[in-house]
Amino acid sequence: MLRDEVHLLSLLAAGLPVEAVARRLHVCPRTVRRRCRGVCDKIGVSSVIEAVAWAARRRLI
């Protein structure tokens with residue numbers, strides 16, 4: 001998993017809404033949602049919650 005993907009998941013795990021994550025990353029909310037879908041597809045899960053849990057189990061976040 002790329003460093004940027006881990007960072008994205010860590011922001012979401014901290015409870016930030018998509019709009020706040022987008023502001024922090026200087027992208028639009030649509031980009032955040034698209035990146036989330038990409039991460040989920042990459043690791044084989046169906047939701048951001050599952051992706052955060054996946055990363056936490058592997059001590060990435």
Q.
What's the total number of residues in region 27-53 that are within 12 Å of LEU12 (Cβ to Cβ) and part of a helix (DSSP H, G or I)?
A. 12
Q.
Based on this model, can you work out whether GLU5 counts as surrounded by 14 or more Cβ atoms within 10 Å (Cβ to Cβ), out of contact with any strand residue (DSSP E or B) (no Cβ under 9 Å at 6 or more places or on another chain), of a type in the set (Asp, Glu) and not in a loop (DSSP other than H, G, I, E, B)?
A. yes
Q) Of (1) in contact with a Pro (Cβ under 9 Å, 6 or more places away or on another chain); (2) surrounded by fewer than 15 Cβ atoms within 10 Å (Cβ to Cβ); (3) among the small types (Gly, Ala, Ser), ALA22 satisfies all except one. Which? A) (2)
Q: Could you list, in sequence order, all residues of region 2-33 that are under 16 Å from SER47 (Cα atoms) and under 9 Å from the mean Cα position of the chain (by Cα)?
A: GLU5, VAL6, LEU8, LEU9, SER10, LEU11, LEU12, ALA13, VAL32, ARG33
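Throughout, read-outs are computed from the coordinates displayed, never taken from laboratory work. Here the structure is a predicted model, which means the values were calculated and not measured. Note that we place each Cβ from the backbone using ideal geometry, even for glycine, and neighbour counts take in every protein chain shown.
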